[in-house]
Amino acid sequence: MRKRYLSAFGVIALILIIFFIANNDFTTKVANGQDKEKSFEELLRLAQKHKKKIVINVYADWCSWCKKMEKSTFPDSEVQKELKRNYYFYRMNGESSDIIEYDGRKWTKAQLTHAFGIRGFPATIFLNYNSKPITVLPGYVDAKTFSNILKYIGDDIYIKMTFDEFMKGKKN
């Protein structure tokens, strides 16, 4: 009888361990080698100091497309190369009640998500080095497309031509 309880306890413990491992975010470093724990406000200051843009990955814990993007898009070597070259990267739970400061005001992360017009997840916010919005990209984006978008915005090509024109030029 005692063996049965120990065996049941072992199975439950194993299931809990697997659950926590599967749901734990092991990506403790972001694309440009910064600790993921850097505050949003600190990344804004660093972006201004180093004249780099900011990419904000807005996600929700329950969102399967967010998890797919995290597992397949962001780890891609071309995406990583572009992120390191031109950006600071920040992940933000768009449903969180955590307080951050942006544009001289305190917001919950959920409020800021709505202020950017985001109504679904995932979404990607692009800010210039002065923390002003460039654009918001809704939905899941595959690695190849995202890498091209990072180049397009990171190299300021978006100022000179549309994304379609940029992509046509890449094919020639």
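We did not get these values from a lab; they are worked out from the coordinates using the rules stated. If you're wondering where the values come from, they're calculated on a predicted model, not measured in any experiment. All Cβ positions, even for glycine, are placed from backbone atoms using ideal geometry, and neighbour counts span all protein chains on display.
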Exercise for review: Compute the Rg/Rh shape ratio of segment 35-120: radius of gyration over Kirkwood radius, all on alpha-carbon atoms.
Suggested key: 0.96
Exercise for review: At a Cα cut-off below 30 Å, give the lysines reachable from Lys168, other chains included and same-chain residues fewer than 8 away excluded.
Suggested key: Lys51, Lys52, Lys53, Lys68, Lys71, Lys81, Lys84, Lys132, Lys144, Lys151, Lys160
Study note, to complete from the structure: With +1 at each Lys and Arg Cβ and -1 at each Asp and Glu Cβ, the charge dipole magnitude of segment 94-172 around its Cα centre, to the nearest 20 debye, comes out at 200 debye
